[in-house]
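A short write-up of the structure that comes next.
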Amino acid sequence: MELRDLSDHSEYVPGRGKKEVAREVGLDPSELIALSSNENPHGPSPAAAEAVRDSAEVVHHYPKASHADLIDAVAAEWDLTAEQIWLSPGADGAIDLLSRAVLDPGDEILIPEPGFSYYGMSGRYHHAEMNGYEVSKADEFAQHPETVLAAYSGERIVFVTAPHNPSGTVMSLTDIETVADATADSTVIAVDEAYGEYADMPSARRLLDDRDDIAVLRTMSKAYGLAGLRVGYAMVPEEWADGYAKVNTPFAVNEVGCRAAMAALEDKDHVNQTVETARWAREYFREHIAAPTFPSSGNFILVDVGDATRVAKAARDRGVVLRDCTSFGLPGCLRISCGTREETRQATETLNQVLADLQLGVHAWPID
Ligand SMILES: *Cc1c(COP(=O)(O)O)cnc(C)c1O
């Protein structure tokens with residue numbers, strides 16, 4: 001028996017974690033600074049950690065009540081009906097739900113290039129074809145509705161990432177509406193707001209009041225610090241009310257994740273502190289990294305170092321794990337996540353030393 005032909009499919013390439021890199025370079029994980037996966041450097045909310053501990057004794061039950069309760073809590077948070085919240089294992093799971101609910105075999109999707117690779121992976125194994133629109137480095141990764149529309153040819157799903165991974169740029173709500181207005185009734189604009197909390201712009205949630213062709217993706221993995229639990233959701237048009245039950249895995253999110261997410265949603269101080277640190281850090285990076293950087297509204301920044309693989313390797317050998325963006329199609333660029341203030345300063349110093357030693361970067365910053 002053979003699998004279907006997957007030769008055309010690609011694998012997701014995650015940022016490297018502390019433990020695996022520690023093993024590789026022979027250091028203790030505690031000696032490393034990992035700023036490669038846009039995780040929350042403060043960890044989860046203490047209330048969420050407590051909820052995880054408290055759930056241990058009840059995991060023999062299916063998460064019936066907690067799954068419904070979390071949907072209600074998220075719906076209340078956004079002033080939407082429960083039917084408009086499609087809870088999922090991470091925002092990645094929400095991408096799958098959209099693919100399942102929207103795509104027929106042979107349908108097409110339109111995705112940003114460079115961009116988050118899972119859109120295409122999900123589309124592909126749901127038997128769709130994919131097309132790309134450019135988010136151009138030469139234009140500092142600015143996101144223009146004209147570029148999206150120039151590439152558009154009736155795709156069923158158009159993905160917009162705001163803030164965009166890996167660059168951090170956004171598309172304004174006006175521009176998102178321009179795209180939605182100009183595309184067919186059969187097209188949904190999926191606005192991926194995995195980093196929405198860090199941006200200075202309102203969520204595309206507000207477009208759901210008047211439109212039935214927008215879906216908004218959110219996650220508890222980034223600002224809420226629950227990446228290890230896999231909790232995300234899509235906010236969808238009211239008209240899609242009965243779709244979720246038909247495409248969802250029974251209980252998409254587990255008991256522990258549901259309880260932790262409910263606790264995390266209530267801890268606004270933790271999210272606010274997280275966002276404040278990230279905003280400070282991305283400014284710090286922009287001012288102090290001795291190589292060109294791009295404006296970012298996320299909890300990370302993209303750095304143009306010339307040879308990302310070489311620089312990431314040298315930084316890793318000095319205990320700092322960064323994201324080589326070669327797999328995004330940007331072999332010259334590194335993505336660096338916002339750390340705590342101390343991690344941010346230390347990672348900047350290490351990166352600058354590496355750039356100086358390899359004679360890369362612009363050396364605008366005095367290196368001692
Ligand atoms: C991290 C990320 C996600 C999803 O992460 P989950 O952990 O699956 O919630 C989705 N989109 C983008 C652009 C991301 O960077």
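Values for this structure:
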{"read-out": "Estimated vicinal HN-Hα couplings, Hz - segment 287-301 in sequence order (Karplus 6.51, -1.76, 1.60; Gly, Pro = x)", "value": "6, 10, 6, 7, 7, x, 10, 10, x, 10, 9, x, 9, 7, 9"}
{"read-out": "Net length gained if the chain between GLU2 and GLU349 were fully extended (0.36 nm per residue, minus Cα distance)", "value": "119.8 nm"}
{"read-out": "Rule-of-thumb Rg ratio for the chain [Cα; 2.2 N^0.38 Å; N residues]", "value": "0.99"}
{"read-out": "Length-normalised contact order for the chain - Cα pairs under 8 Å, 6+ apart - percent", "value": "23 percent"}
{"read-out": "Rh by Kirkwood over Cα pairs, then Stokes-Einstein D for segment 265-361 at 1.306 mPa s and 10 °C, µm²/s", "value": "117 µm²/s"}
{"read-out": "Carbon/sulfur fraction of accessible area - the chain, other protein chains in place, 1.4 Å, %", "value": "48 percent"}
{"read-out": "FRET E, pair THR326, ARG100, Förster distance 22 Å, beta-carbon r, rounded to 0.05", "value": "0.10"}
{"read-out": "Residues with amide H under 5 Å from that of PHE300, placed H, sequence gap 5 or more", "value": "CYS338"}
{"read-out": "Kirkwood estimate for segment 1-159, i.e. one over the average of 1/r between Cα atoms, Å", "value": "19.6 Å"}
{"read-out": "Distance between segment 279-341 and segment 135-185 - C-alpha centres, whole angstrom", "value": "24 Å"}
{"read-out": "Segment 1-32 and segment 186-207: distance between their alpha carbon centers, rounded to Å", "value": "29 Å"}
{"read-out": "From phi via Karplus (6.51, -1.76, 1.60), per-residue ³J(HN,Hα) for segment 177-189 in Hz, x at Gly/Pro", "value": "5, 4, 5, 4, 5, 8, 9, 5, 4, 7, 10, 9, 9"}
{"read-out": "Pairwise FRET efficiency - GLU50 versus GLU287, Cβ, R0 = 51 Å, nearest 0.05", "value": "0.85"}
{"read-out": "Global geometry of segment 113-233, whether rounded, prolate or oblate, following the gyration tensor of its Cα atoms and the 1.5 cut on a/c", "value": "rounded"}
{"read-out": "Extreme residue, positive dipole direction of the chain, given options SER45, THR174, TYR233 (C-beta unit charges)", "value": "SER45"}
{"read-out": "Whole-number accessible area per residue in Å² for the chain, which is evaluated in the context of all protein chains at 1.4 Å", "value": "44 Å²"}
{"read-out": "Sites GLU238 and ASP200, calculated FRET efficiency, Cβ-Cβ separation with R0 30 Å, nearest 0.05", "value": "0.60"}
{"read-out": "Estimated dipole of the chain in Debye, rounded to 20 [Cβ of Lys and Arg +1, of Asp and Glu -1, Cα centre]", "value": "1200 debye"}
{"read-out": "Convex hull projection area averaged over all views, segment 10-57, Cα basis, nm²", "value": "5.5 nm²"}
{"read-out": "Length released on extending from ASN131 to GLU31, taking residue separation times 0.36 nm less the Cα-Cα span", "value": "31.8 nm"}
{"read-out": "Charge tally in the Cβ shell below 13 Å around ARG218, where Lys, Arg are +1 and Asp, Glu are -1, ARG218 excluded", "value": "-3"}
{"read-out": "Sites excluded, GluC sites (Glu not before Pro) in DSSP loops with at most 15 other C-beta within 10 Å, longest stretch of the chain", "value": "141-368"}
{"read-out": "Cysteines in the chain that, by Cβ-Cβ distance, have no pairing candidate under 4.7 Å", "value": "CYS258, CYS338"}
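The values are calculated or read from the model by the stated rules, or taken from the named source; none is laboratory data. Fair warning: this is a prediction, and the values are worked out from it, not measured in the lab. Positions of Cβ are backbone-derived with ideal geometry, glycine not excepted, and every protein chain shown enters the neighbour counts. All accessible areas refer to the heavy atoms of the entire protein, side chains included, with ligands and DNA or RNA removed. Shrake-Rupley method; radii C 1.70, N 1.55, O 1.52, S 1.80 Å.
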